[in-house]
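Enquirer: Questions regarding the structure given below will be posed in turn.
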Amino acid sequence: MKKIKILHVDDHPVVIEACKEIFKNLNSDLKTLEIDDARNCDSAITKIELSAETTPYDIVIVDLQIPESSKGKIIDGDDLAMFAKRKLPNVKIMVLTAVNDNFRIKNILKDINPSGLLIKTDINSNDLLIAITNVIYNPPYYSSTVMKLIKNQMSLDNLQKLDSIDRKIILQLSKGVKTKNLIEYIPLSLSAIEKRKSIIKQILGIEKGDDAAIIERAKEMGII
């Protein structure tokens, strides 16, 4: 197996050294990791440019909160990730950051589309091992905060699929109306209403659950 070249960019040496120690515990078929590091943007730029001319990095791990380069060419980790993708077309970007606000995470997913996105407060050493393995073999890998955001965003997008009748069904259920009595409020047959309820559960991301689960999820999403 060829060496997997990794560049880890972080302005906190303790983070870089801790990750190196953790990566030593990878299973035997991953012992060919070759880990380089950069403590600032200038060093990272130089190493990325050099690797583009010689042996490209396979993975660049980057923290978002790093000081800008001396010439202001790269202002943060976001810029550096995009720079790496331009210079190394086949590189996989793994973002390891303490930033956890939803707006920033959405932009990272949209603009960088990383092979891995981990919020530092989400993970321990074992999670990091799982993450790097997935980034190598089965990307993408996202930590729990990122997954929750993605799930919520998908649910919000799905809300557009609910029509007025679906919303009326949910509203009547929230008022305590039993399914068998919904025909008094909804101009559909009982079988059609049952089918609607199944579709509503799919849209709301409910795998198992009764009417109470629909009501609870609808309240969480601001439908009722």
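Here, each number is a calculation from the coordinates, and none is a lab measurement. Bear in mind the structure is a predicted one, so any value in this text is a computation, not a measurement. Note that each Cβ is placed from the backbone with ideal geometry, even for glycine, and that neighbours are counted across all protein chains shown.
Enquirer: So which of 106/201; 106/148; 148/168; 178/219 end up more than 22 Å apart, counting from Cα to Cα? Walk me through the intermediate numbers first.
Expert: Details: 106/201 26 Å; 106/148 12 Å; 148/168 28 Å; 178/219 18 Å.
Where the Cα-Cα span goes over 22 Å, the pairs concerned are 106/201; 148/168.
Enquirer: Now a separate question. Under 8 Å for C-alpha pairs, at least 6 residues apart: give me the relative contact order for the chain, rounded to a whole percent.
Expert: 13
Enquirer: Sticking with this structure for a sec: What whole-number volume per residue, in cubic angstrom, does the convex hull of the C-alpha atoms of the chain give?
Expert: Cα-based convex hull of the chain, divided per residue, equals 149 Å³.
Enquirer: Any chance you could check the Cα centroid distance between segment 1-62 and segment 104-146 for me, in angstrom?
Expert: Taking the Cα centre of segment 104-146 as reference, the centre of segment 1-62 is 16 Å away.
Enquirer: Which residues make up the longest stretch of the chain that has no trypsin sites (Lys or Arg not before Pro) in a DSSP loop with at most 16 other Cβ atoms within 10 Å?
Expert: Looking at the chain, 74-174 is the longest stretch - no exposed trypsin sites (Lys or Arg not before Pro) with at most 16 other Cβ atoms within 10 Å.
Enquirer: Could you give the longest part of the chain that holds none of the GluC sites (Glu not before Pro) found in DSSP loops with at most 15 neighbouring Cβ atoms within 10 Å? Please list the in-between numbers first.
Expert: Values: sites that count: 68, 207.
Formally, the longest exposed-site-free interval is 69-206.
Enquirer: Here's something else I'd like to know. Any chance you could give the angle, 0 to 90 degrees and rounded to 10, that helix 144-158 forms with the longest Cα principal axis of the chain?
Expert: Its long axis makes an angle of about 40 degrees.
Enquirer: Against the longest alpha carbon principal axis of the chain, how many degrees, from 0 to 90 and to the nearest 10, is the axis of helix 77-87 turned?
Expert: The angle comes out near 70 degrees.
Enquirer: Say R0 is 30 Å: what FRET efficiency, to the nearest 0.05, do residue 55 and residue 20 get from their beta-carbon distance?
Expert: Between residue 55 and residue 20 the formula returns 0.95.
Enquirer: Note the angle between two axes, namely the Cα long axis of helix 13-23 and the longest principal axis of the Cα atoms of the chain, as a number of degrees from 0 to 90, rounded to the nearest 10.
Expert: Between helix and principal axis, roughly 80 degrees.
Enquirer: Through the Karplus equation 6.51 cos²θ - 1.76 cosθ + 1.60, θ set to phi - 60°, convert the phi angles of segment 117-122 into ³J(HN,Hα) values in whole Hz; use x for Gly and Pro.
Expert: With the stated coefficients, segment 117-122 comes to 9, 10, 8, 4, 6, 7 Hz.
Enquirer: May I pose another question? For labels at residue 42 and residue 179 in the simple 7 Å Cα→Cβ model, what's the distance in nm?
Expert: 6.8
Enquirer: Please state the relative contact order of segment 1-110 as a whole percent: Cα pairs under 8 Å, 6+ residues apart?
Expert: In percent, rounded to a whole number, it is 27.
Enquirer: Just need the relative contact order of segment 168-218 here, percent rounded to a whole number, with Cα pairs under 8 Å and 6+ apart.
Expert: On the way: 30 pairs, mean separation 18.0, N = 51.
Answer for segment 168-218 is 35 percent.
Enquirer: Here's a follow-up. Grab segment 1-72 and count how many Lys pairs have their alpha-carbon atoms under 28 Å apart, sequence gap of 8 or more, or different chains.
Expert: Final tally of qualifying lysine pairs is 18.
Enquirer: When the dipole is taken about the Cα centre of segment 4-145, and only Lys, Arg (+1) and Asp, Glu (-1) are charged at their Cβ, what size is it in debye, to the nearest 20?
Expert: 320
Enquirer: Determine the calculated [θ] at 222 nm for the chain from helices alone, applying -39500 (n - 2.57) to every DSSP H run no shorter than 4 residues and normalising by the residue count; nearest 500 deg cm²/dmol.
Expert: Numbers: 9 runs with 105 residues, N = 224.
The helix contribution divided over the chain gives -14500 deg cm²/dmol.
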